[in-house]
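Trainee: Take this structure, written in structure tokens, and hold onto it; I'll ask about it next.
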Amino acid sequence: MITHVQKTVETKNENDLNFKLQEEFQLGAEKFANNPLHQKLKQEVDIRKQLNFVPKMLFFVMGFKDLMQLVRYENPTNDLEKSVNTHSDEDSNHWEWYLNDLAFMSGQFKNASSVDLITDVWGDSSMEVRETIYSFSRYIKQYTDPVARMLMVEVLEITFDKFKEALHPALKDADLYSQLDYFGKMHQETEENHSTGISDDEIAELTMLLPEELKEEMIPIINHLFDQMYNMAKNWAEA
């Protein structure tokens, strides 16, 4: 028989875990917003140097396409699984825009040949980029719960929003915002028309919906994924 005291303690523990998980999102977003790549975008005045990281994104963007397939439910049985699939449907084809932008800007990069690009993508110096995709892939496969998967997707969504906030002013200053698909206006307007979005309230709701037995496990996972995104951005800043 569960006593009143035990129930009170369990409720407090659950609230504490909810708060800690929400805090991981807040702190992770704040840290990522101030990563070295974003600092470079704000400080560097030469647009060619600002965009040197673009080829180094190739593995991440193509890997993101695979993540959006891995996260899906073949036969969704509830609204949460359907919501995960909606995220996947809305984001799965953005890689095509990236390739368009890469081709459009290829003349600006010192190592623009296909051999140089592939060598850089798979080189030792780009390991942090690949590890980011590997980390997300590992956790998505490990956790089949739709709320857990949605929280992982939210890490990607939040960090990309912070990335756009840092990048778009530089593109607008260089009159490139309307000319680029993935990095510019098309992607932004498409995101604004998506049926799914990001907000503190949504994160709070998801943390409450997450099964109790997963909450403590998810805290270090979200922390790790935000850290990995930061490390990847730091790697891109060195391009």
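The values are calculated or read from the model by the stated rules, or taken from the named source; none is laboratory data. Being a predicted model, the structure only gives us computed values, none of them experimental. Neighbour counts run over all protein chains shown; Cβ positions are idealised from the backbone, glycine included. Please note that ligands, DNA and RNA were not included when accessible areas were found on the heavy atoms of the full protein model with its side chains. Shrake-Rupley method; radii C 1.70, N 1.55, O 1.52, S 1.80 Å.
Trainee: Leaving ligands, DNA and RNA out of it, work out the accessible area of Asp66 with a 1.4 Å probe and give it in Å² to the nearest 10.
Mentor: The accessible area comes out at roughly 90 Å².
Trainee: Moving on. Applying the Karplus parametrisation 6.51 cos²θ - 1.76 cosθ + 1.60 with θ = phi - 60° to the phi angles of region 200-212, what ³J(HN,Hα) value in whole Hz is obtained for each residue in order, glycine and proline being reported as x?
Mentor: 4, 5, 5, 4, 4, 5, 5, 5, 6, 7, 4, x, 3
Trainee: Hey, can you find the accessible area per residue of the chain for me, probe 1.4 Å, expressed in square angstrom?
Mentor: On a per-residue basis, the chain sits at 52 Å².
Trainee: Under 10 Å, Cα contacts only: if you run a Gaussian network model on the chain, which one of Ser135, Ser114, Ser83 comes out with the highest mean-square fluctuation?
Mentor: Ser114
Trainee: How much of the pair distance distribution for region 165-239 lies past 14 Å, counting alpha-carbon pairs only, in percent?
Mentor: Of the Cα pairs, 76 percent sit more than 14 Å apart.
Trainee: Moving to a separate point now. With unit charges on the beta carbons (Lys and Arg positive, Asp and Glu negative) and the dipole taken about the Cα centre of the chain, which residue among Ala166, Phe64, Met105 sits farthest to the positive side?
Mentor: Toward the positive end, the furthest listed residue is Met105.
Trainee: Then there's this: Give me a comma-separated list of calculated 3J(HN,Hα) values for region 17-32, in order, Karplus coefficients 6.51, -1.76, 1.60 applied at θ = phi - 60°, integers in Hz, x for any Gly or Pro.
Mentor: Ordered by residue, 3J(HN,Hα) equals 5, 4, 4, 5, 5, 4, 5, 4, 5, 5, 5, x, 5, 5, 5, 4 Hz.
Trainee: Please compute the length gained on full extension between Lys20 and Ser178, using 0.36 nm multiplied by the number of residues separating them and subtracting their Cα-Cα distance.
Mentor: Length difference between fully extended and current span is 52.9 nm.
Trainee: For region 166-176, what does the Karplus curve 6.51 cos²θ - 1.76 cosθ + 1.60, with θ = phi - 60°, yield as ³J(HN,Hα) per residue in whole Hz, taken in order and with x for Gly and Pro?
Mentor: 7, 7, 4, x, 5, 5, 5, 4, 9, 6, 10
Trainee: Using the structure shown, select from Lys65/Lys234; Lys56/Lys215; Lys40/Lys185; Lys40/Lys162; Lys20/Lys185; Lys40/Lys141 the pairs with a Cα to Cα distance greater than 25 angstrom.
Mentor: Lys56/Lys215; Lys20/Lys185; Lys40/Lys141
Trainee: So, with a 1.4 angstrom probe, what is the percent of accessible area on the chain that is carbon and sulfur?
Mentor: Carbon and sulfur: 50 percent of the exposed surface of the chain.
Trainee: Can you give the log10 of the normalised intensity I(q)/I(0) at q = 0.07, 0.09, 0.15 Å⁻¹, computed with Debye over equal Cα scatterers of the chain?
Mentor: -0.25, -0.41, -1.06
Trainee: Cut-off 15 Å, label point 7 angstrom out along Cα-to-Cβ of Asp145: give me the residues of region 62-96 whose amide nitrogen falls inside.
Mentor: Of the residues in region 62-96, 80-81 have backbone N under 15 Å from the label point off Asp145.
Trainee: Kindly provide the Kirkwood hydrodynamic radius of region 77-207 in Å, to one decimal, from all pairs of distinct alpha carbon atoms.
Mentor: Hydrodynamic radius (Kirkwood, Cα only) of region 77-207 equals 16.9 Å.
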